[in-house]
Amino acid sequence: MRTLSSLFLGLSTVACVSEHGPLTNRMAQSATPYLARAARQPVSWQPWGRDAFALAARLDRPILLYVGADDCRWCGVMDREVYGDPGLGAMIDSLFVPVRVDRDERPDVADRYAAAVRLLAGLGGYPITAFLTPDGSAFFGGTYFPLDDPVTGRGLRQLLPEVAKTYREQRASVVQRAALVRQLSLSRGGFPHGVLQPAAVRLQIEAVRAALAAAGRTRASLGLVQARAAGLMLATYARTGDPSYLAPARVVLDVLVDSADAALAESTRDDPPGLVRAALLGDLASGWAATGDLRYLGEAQHLVRRLAGEVGRTEDRAVFADREAYVIGAILDAAPAVGDSAAATRARAALDTLLKRAYARGRGVRHVAGAGGPVRPLLQDQTQVAWACLAAYDASLSNRRYLAIAEDLVAVLERDFSDSTGGGYFDVAASDPAAPALADRAKPVLDELLPGANAWLARVLLRLAEATQDARYRRRAEATLEAFAGAVAGEAMRASTYLAAAQHALAAR
């Protein structure tokens, strides 16, 4: 599919109206520090919601959607060098309705438009810069754009007038293109069912091994994709004893041990550092169990202490239940293996605090812990908190309170998130009322910043089956995996969590 940049070549520039018109910056009252800091920018940012889309329809303007995050290097560059420019702010406010989203507060919105940008421009990563019709359909987009690039015309100062002019003068083409992108996004979610076949799973694991080995030969910086692929290789080695699976995982672990924080500092320029450390902690603990290498034990002990010291400090940051629970679960899983009972105690205390702030029996987990944030529940929140509770159950001499919470969360998922027709689980409990174009819910299974939610949920169900000896959970895990049997072919390392769950399910038969 060709990108849309060619549609803007040769169009004359529209004069900028140096006024903000009917818009004012509404970021000051935002729930997250990342959004609140944007209140100082000379752009009249609107929060994601029904009002912004209604305003775009009333003004007959396209929406400029910007999705960024604190843990994103290029988001920081755009905020400083692009959106801090008063002239650009006036141009944006005269031609668009600018909407700003915190990726970590609204991962459901971020994931949808990340998929749209991949279709439109073949680009991935953050920030996301997308241009939408007033119903929320994307018709043009990219990731990072500089303020000025007069040679290529790809600076925002050159690009924005062209996009606005095309929207006004080629409306039918824009609407048609946006509808096509939406249709393609939906069709990609229509994964064919299948049966878990050991040979097919092994074939995909081989593809991950080859991809990880290739990354290791280039000494690529560590990141979440490589960390989860290394975890899959270690799990496969533990099941098979085949050293060819251990070798590429050891490359990742050796880079970490040899360069320690320097490797992490390099790798986490775009991935959230806490999530990378949590993923690598699991790899190090597995690597220690598989090899007895004391270097892996030492680095795992360092990481588990560091994460346990960080996870409980929440006074200066927004707490997102899915990310917090992912880190807590990693600590609780690794601490017994590396002999750190103090880290496990601190992680359980952090989990108890999170549950108190975000969980209600029968209603699930809210995404932003505490008062003031949106209450919209997400699949990833329920799944990650359930996993953390199961890890706490295993690490705390079988405290059944945690087991009961995990079972309650799975019941909430079955009631509010399950797709009774196509199988698997939707990413949100209900469609987004803000934008009609987001009426269709997604069913994520491939790894992004966090493990693919449906794949991780299959792991939760398998772990719950082992804890309760209830075979119904195992059958639900297998049904979830079979609902996405057509999703992983060709995805290599992004399918690592799914393949780990499928391998586990097959071994449990």
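Every number here is computed from the coordinates shown, using simple stated rules; none is lab data. Being a predicted model, the structure only gives us computed values, none of them experimental. Don't worry about glycine lacking a Cβ; one is built from the backbone with ideal geometry, like all the others, and counts go over all protein chains shown.
Fewest to most neighbouring Cβ within 10 Å: what's the order for CYS389, CYS75? Numbers along the way, then the final one.
Details: CYS389 29, CYS75 24.
Sorted ascending by nearby Cβ count, the order is CYS75, CYS389.
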query = Mind checking the angle between helix 224-240 and the chain's longest principal axis? C-alpha axes, 0 to 90 degrees, to the nearest 10.
reply = 20 degrees
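How do ILE63, ILE331 line up, fewest other C-beta atoms within 10 Å first? Write down the numbers at each step before the final one.
On the way: ILE63 24, ILE331 31.
Sorted ascending by nearby Cβ count, the order is ILE63, ILE331.
Please pull out the direction-averaged projected area of segment 97-161, using the convex hull of its alpha-carbon atoms, in nm² to one decimal place. Please report the intermediate quantities before stating the final value.
Details: hull surface 18.5 nm².
Projected area, direction-averaged: 4.6 nm².
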message = No solvent, one uniform scatterer per C-alpha: report log10 I(q)/I(0) for segment 97-219 via the Debye equation at q = 0.11, 0.17, 0.20, 0.23 1/Å, two decimals.
response = -0.55, -0.99, -1.17, -1.35
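I'd like the per residue volume of the convex hull spanned by the Cα atoms of segment 269-337, given in cubic angstrom. Please list the in-between numbers first.
Values: hull volume 6.1 nm³, N = 69.
Expressed per residue, the convex hull around the Cα atoms of segment 269-337 is 89 Å³.
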message = Using only Cα atoms and rounding to the nearest 10 degrees, what angle (0 to 90) does helix 400-416 make with the longest principal axis of the chain?
response = 40 degrees
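Which longest uninterrupted range of the chain lacks any GluC sites (Glu not before Pro) assigned by DSSP to a loop state (not H, G, I, E or B) and surrounded by at most 13 other Cβ atoms within 10 Å?
20-314
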request  = Over every pair of different alpha-carbon atoms in segment 412-495, take the mean of 1/r and invert it; report that Kirkwood radius in Å.
outcome  = 13.7 Å
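Which percent, to the nearest 5, of DSSP beta bridges fully inside the chain are antiparallel? Don't jump to the answer; show the numbers that get you there.
Working: 14 of 22 bridges.
Given both bridge residues lie in the chain, the antiparallel proportion sits at roughly 65 percent.
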ask   = Where the only charges are on Cβ atoms (+1 Lys, Arg; -1 Asp, Glu), what is the dipole of segment 76-173 about its Cα centre, to the nearest 20 debye?
value = 280 debye
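Divide, for segment 368-432, the radius of gyration over alpha carbons by 2.2 N^0.38 Å, where N is the residue count.
Details: Rg = 13.4 Å, N = 65, 2.2 N^0.38 = 10.7 Å.
So segment 368-432 has a normalised radius of gyration of 1.24.
How big is the equivalent ellipsoid of segment 221-311 along its three axes, where each semi-axis is √(5λ) from the Cα gyration tensor, reported in whole Å from largest to smallest?
Numbers: eigenvalues 85, 39, 25 Å².
Computed over segment 221-311, the values are 21, 14, 11 Å.
What is the fewest-to-most order of THR291, THR421, THR497 by other Cβ atoms lying within 10 Å of their Cβ?
Lowest count first: THR421, THR291, THR497.
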message = Tell me the Rg and the Dmax, in Å, that the Cα atoms of segment 319-404 produce.
response = 12.4, 39
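Can you give the direction-averaged projected area of the convex hull of the alpha-carbon atoms in the chain, in nm²? Provide the component values of the computation, followed by the final result.
Values: hull surface 91.0 nm².
Over every viewing direction, the Cα hull of the chain projects on average to 22.7 nm².
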ask   = Suppose every K and R has +1 on its Cβ and every D and E has -1 on its Cβ; what is the size of the dipole of the chain about the Cα centre, in Debye to the nearest 20?
value = 620 debye
note = Quick calc of log₁₀ I(q)/I(0), segment 5-188, Debye, one scatterer on every Cα, no solvent, q values 0.16 1/Å, result -0.96
request  = With unit charges on the beta carbon (Lys/Arg positive, Asp/Glu negative), name the residue among ALA343, ALA330, LEU390 whose Cα is farthest towards the positive pole of the charge dipole of segment 319-404.
outcome  = LEU390
request  = Could you work out how far helix 321-338 tilts from the main Cα principal axis of the chain, as a 0 to 90 degree angle to the nearest 10?
outcome  = 30 degrees
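Charges only on Cβ, +1 for Lys and Arg, -1 for Asp and Glu: so what's the dipole of segment 319-404 about the Cα centre, in debye to the nearest 20?
Details: 11 positive and 7 negative charges, 90 e Å.
Dipole about the Cα centre, nearest 20: 440 debye.
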